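The values are calculated or read from the model by the stated rules, or taken from the named source; none is laboratory data. Owing to the predicted nature of the structure, the values given are computational and were not obtained by experimental measurement. Glycine gets a Cβ as well: all are built from the backbone with ideal geometry, and neighbour counts include every protein chain shown. Just so you know, the surface numbers come from the protein's heavy atoms only, side chains and all, with ligands and any DNA or RNA stripped out. Shrake-Rupley method; radii C 1.70, N 1.55, O 1.52, S 1.80 Å.
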Amino acid sequence: MNTRIFLIFASALSLAAAGPQMAGRIEDSQGKAIAGARVRVYPAGAQSPTTTTSDKFGSFTLDVREASSYLLSAETNNLSLATSLRLEAPATDLVIRLEPNAQRTSIVVTADAVATSIDDSGKAFDVLDKESLSRRNEIFVLESLRNTPGMQVQQLGGPGATARIVSRGLRTADTSILIDGFRYRDTTSTQGDAGGLLPDLLIVNPDRLEACRGSESTLYGTHAIGGVVNIVSDSGGGPLHGQVEFEGGGLGLLRGLAKASGGEGRFQWSGALIHLNVLDGIDGTDRYRNTGTQAFGRFALNSKTSFSSRLFTTEAFSQYNSGPGAKFGVAFPAGVIPGTLDFYNPQVNDPDARRATRTIMGMVGLDHQFTSKLNLRVQYNRLYSNRYDANGPAGTGFQARFRDYNQFQGSLDTVATRLNYSWGKRQNLLFGHEFESEHFYNFGDDSNPNAAARSTRKVGVTQRSNAFYVQQQFRFFTGLIVNLSGRVQDFSLRQPNFYGAAAFFEKGDLSSPPRAYTGDASLAYMIARSGTKLRAHVGNAYRAPSLYERFGTSLFSGRYSIYGDPNLRPDRALSMDFGVDQYLAANKVKIAATYFYTRLQQVVGFGPVAREPYGRTSGYYNTGGGLARGVEISATLQPTRKLSIQTAYTYVGTLERRPIFLTGELQSQRVFPKTFSLTSTYFFTSNFDVSFDYFHASSYLVPFFVSTGSRAFRFEGPRKADIATRYRIPVKDRYTLELFGRLENIADRTYYEAGYQTPGIWGTAGVRWRF
């Protein structure tokens, strides 16, 4: 009886899950079947696809949910063959022909918060799919973005050292890092951004990285002033497949990675585990360890309802150095000082400086399709971060008397609800609500052995916010697509808990930040006959003052300082850009040009402050911002099946409203005015390819403190060339042994990023088993 009941239940569940199907055949330009091509289908309003791979006959079948329309893409893993198309209804007799294409990934989810064809978005963005990351054997997320137009990456030392990313000449805090559309940021950092977590972002299990430039606060809230980087998890799908790999080499680097994915029915999944261990680093004592996981799963209860979940974790430890600084007792020239070793000291080893970070980010969600035109998504995401910094008396320069210990523990809980309504074949309306609760906890101890003289502090703050946003996409028969969106966000501060700081903060008004309003408009116009796309984007953006900027404290050698101002107002900015994308030679060539302009109307600064209720002499305060403007030019070429080339040039001019250097320079600090990059891959055979990267930046200014204040030092920009190679040995139909390697800084140039020495020539080699 129990067996019969189970069979009846299983049969009913299977019937309930039955829904529309997509099926067809993948072939090349000569009509030959392509096995192993990856096929994705995005129903209207979706953020993640249903995925499978073609079999040895080139055939594929996918169960999809009901929707008013669908976006389908197909691509190969090795050679750059790809295509995409829009379907108004499911089809089971598709014949999809793949051609060499300059734009491998033709569907993005970040620019407009739903799956969108690249031809339909009026925003500037670039996509790095997992195949291009594999070709270059990238390890860190930031390093893989170095050649992206409009984005600048600085690694201040070797693997695991402090890193920063700059979008369009703005500040690190003006770039929002997302994982599957949710903010990945440290609520306890000085600006509440991802800055403290960036060095530990490894390439674990992404499907792709989407870098969208320009204001995105309307869709993604705080910090999205200069742009967003979205790490899109691999959603799995298809027959069971995966890889196990190991590599090692220079700097004492050892890395292991294992990942797998699959799911051809109602359940799609993927998961990966990585461990990185750097035993030496640049000076032989810069140890770094990092263990990370990334997993995703989706279960379709029936053709209308599905559940999804995602997990992303890091556990990192590093030894870091004392930072660089100007030499004392040296006669400096007038004006800008050359960034040479005659005038400054580079970083030096600090034997007892340690940093450790743990992050856990998890999401669960529900998707329900009410009708073919109306769908609902509800998701809960939690990000927990815990990092500590410890530094004792050993080392040179200013050091603690005993052992300063600082712990920063934060959490970010988000409940996101979105309702997507396709009220016409060419019209789409999106409503959204976000509830967010962020918590900040800071503990400091100077480890003074004299208990009576020991200095400790604790600060705990919780803030909640509610945001409502709406986006309307209009499609016109003429090829014009217009996106209009708006957002309003309210903040609510709970009464902070202080230990050691109440005497300061209880004197002022502990009010919530003011309400934030943002609006955004973009348009895209595709001229199909000439392959020309015109686009424009304008919007305002904001960054809410961090809890540290409002309630932050510092402990050094027993001295307790208050830096925060509870009454800070948010950063506000206005930005616009317009450009053109031109496709040539049957989509084998894409040329893009963009002009951008951003004005920071109001920002949070740091420096001396007038006497005020909290008795501070220095700390955070509101001030006027600066501006950044420039051009981005890029070209992507796929002249043959074997050769792909990407190149980019960016010019950015930045001006501060007030000089930040004693000698009056208005140019922003640590920003390359000009950058050039080149990435090329050549397939000698379908199993052997070589990739070459080159990056060149112009000189830039870095502030160092001298006896009279901050002076500008001009450093030469990095010029770095890397080469990576892969060789695949097919073992059986489903198994491949892959040998790979990467050589960095092949010219062995010695250069310093903002005064921090970087590695000379070094490389790694490894083996990968694919199944």
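Once you put a point 7 Å from the Cα of Arg569 and another 7 Å from the Cα of Phe57, both along the Cβ direction, what distance in nm separates them?
6.8 nm
Sum up the charges of everything whose Cβ sits under 10 Å from the Cβ of Val690, counting Lys and Arg as +1 and Asp and Glu as -1, but leave Val690 out.
Values: positive: Arg135, Arg726; negative: Asp689.
So the environment of Val690 carries a net charge of +1.
Would you list which aspartates and glutamates come within 20 Å of Lys373, measuring only between C-alpha atoms, while excluding same-chain residues fewer than 8 positions from it?
Straight-line reach from Lys373, under 20 Å: Asp63, Glu66, Glu88, Asp112, Asp120.
Mind giving me the FRET efficiency for Ser680 and Tyr651? R0 is 25 Å, r the Cβ-Cβ distance, nearest 0.05 is fine. Write out the running numbers ahead of the final one.
Working: r = 22 Å, r/R0 = 0.90.
For R0 = 25 Å, the calculated efficiency reads 0.65.
Tell me which trypsin sites (Lys or Arg not before Pro) from region 510-546 have a DSSP coil assignment and no more than 12 other beta carbons within 10 Å of their own. Numbers along the way, then the final one.
Details: sites: Arg515, Arg529, Lys533, Arg535, Arg543; in loops: Arg515, Arg529.
Answer by residue number: Arg515, Arg529.
What distance in nm lies between label points placed 7 Å from Cα along the C-beta direction at Val488 and Arg287?
5.5 nm
Using the Karplus curve 6.51 cos²θ - 1.76 cosθ + 1.60 with θ = phi - 60°, work out ³J(HN,Hα) for each residue of region 21-31 in order, rounded to whole Hz, and write x for Gly and Pro.
With coefficients 6.51, -1.76 and 1.60, one gets 10, 10, 8, x, 9, 9, 9, 8, 5, 9, x Hz.
What does a probe at Val348 reach in region 383-409, counting residues whose amide N is under 16 Å from the point 7 Å along Cα→Cβ?
Within reach of a label on Val348, which here means backbone N under 16 Å from a point 7 Å along Cα→Cβ, region 383-409 contributes 392-400.
List the relative contact order of the chain as a percent without decimals, with contacts defined as Cα pairs under 8 Å and 6+ residues apart. Please list the in-between numbers first.
Values: 2310 pairs, mean separation 86.6, N = 771.
Rounded, it is 11 percent for the chain.
As a check on your grasp of the helix formula, calculate [θ] at 222 nm for the chain: sum -39500 (n - 2.57) over DSSP H runs of n ≥ 4, divide by the residue count, round to the nearest 500.
Working: 6 runs with 40 residues, N = 771.
Computed mean residue ellipticity for the chain: -1500 deg cm²/dmol.
In whole Hz, what ³J(HN,Hα) sequence does region 600-610 give by Karplus (6.51, -1.76, 1.60; θ = phi - 60°), x for Gly and Pro?
7, 6, 8, 9, 9, x, 9, x, x, 10, 5
Where does region 176-228 land on the Kirkwood hydrodynamic radius, alpha-carbon pairs, in angstrom? Numbers along the way, then the final one.
Working: mean 1/r = 0.0851 Å⁻¹.
When all Cα pairs of region 176-228 are included, the Kirkwood radius is 11.8 Å.
For Gly19, enumerate residues with amide H under 5 Å from its amide H, sequence gap 5+ or separate chain, H modeled in the peptide plane.
Placed amide hydrogens put nothing under 5 Å from Gly19.
Compute, for the chain, the length of the dipole vector about the Cα centre, with Cβ point charges of +1 (Lys, Arg) and -1 (Asp, Glu) only. Units Debye, rounded to 20. Don't skip to the answer; put the middle values down first.
Values: 84 positive and 67 negative charges, 140 e Å.
Dipole magnitude for the chain comes out near 680 debye.
With a point put 7 Å past each Cα toward its Cβ, work out how far Leu240 is from Thr736 in nm, to one decimal.
2.0 nm
Taking the Cα atoms of region 114-186 alone, what are Rg (to one decimal) and Dmax (as a whole number) in Å?
Both quantities, over Cα of region 114-186: 13.6, 40 Å.
Using amide H atoms built in the peptide plane, which far-off residues or other-chain residues are under 5 Å from Tyr184 H to H?
Ile177, Leu178, Ile179
So which lysines pass the test for Lys533, namely a Cα distance under 25 Å, with those fewer than 8 places away in the same chain ruled out?
Partners within reach: Lys123, Lys425, Lys588, Lys590.
Quick one: if the Förster radius is 35 Å, what FRET efficiency do Phe299 and Val95 give, using the C-beta to C-beta distance and rounding to 0.05?
Details: r = 31 Å, r/R0 = 0.89.
For Phe299 and Val95, the calculated efficiency is 0.65.
Looking at the square roots a ≥ b ≥ c of the eigenvalues of the Cα gyration tensor of region 135-253, which shape do they give, rounded for a/c under 1.5, prolate if a/b is larger than b/c, or oblate? Could the numbers behind the result be given before it?
Details: a/c = 1.92, a/b = 1.28, b/c = 1.50.
Since a/c reaches 1.5 but b/c is at least a/b, the shape of region 135-253 is classed as oblate.
Determine how large the accessible area of Thr148 is when every protein chain is in place; take a 1.4 Å probe and give Å² rounded to the nearest 10.
10 Å²
Using θ = phi - 60° and the Karplus form 6.51 cos²θ - 1.76 cosθ + 1.60, what ³J(HN,Hα) does each residue of region 757-771 get, whole Hz, x for Gly and Pro?
In residue order, the calculated couplings are 5, 10, x, x, 5, 7, x, 9, 9, x, 10, 10, 10, 9, 9 Hz.
Heads up, I need the accessible area for Phe474: 1.4 angstrom probe, whole protein in place, Å², nearest 10.
The accessible area of Phe474 comes to roughly 60 Å².
Tally the DSSP beta bridges in the chain and give the antiparallel ones as a percent, rounded to 5.
Working: 335 of 346 bridges.
Roughly 95 percent of the DSSP beta bridges within the chain come out antiparallel.
How far, in degrees from 0 to 90, does helix 2-17 lean away from the longest principal axis of the Cα atoms of the chain, to the nearest 10?
80 degrees
Take the Cα pairs of the chain, get the Kirkwood Rh, then feed it into Stokes-Einstein at 37 °C and 0.692 mPa s and tell me D in µm²/s. The partial results should precede the final answer.
Numbers: Rh = 27.4 Å.
Taking Rh from Cα pairs, D becomes 120 µm²/s.
Give me the dipole magnitude in Debye, nearest 20, for region 257-393 about the Cα centre, with unit charges on the beta carbon: positive for Lys and Arg, negative for Asp and Glu. Before the final figure, lay out each step's value.
On the way: 15 positive and 10 negative charges, 195 e Å.
So the magnitude is around 940 debye.
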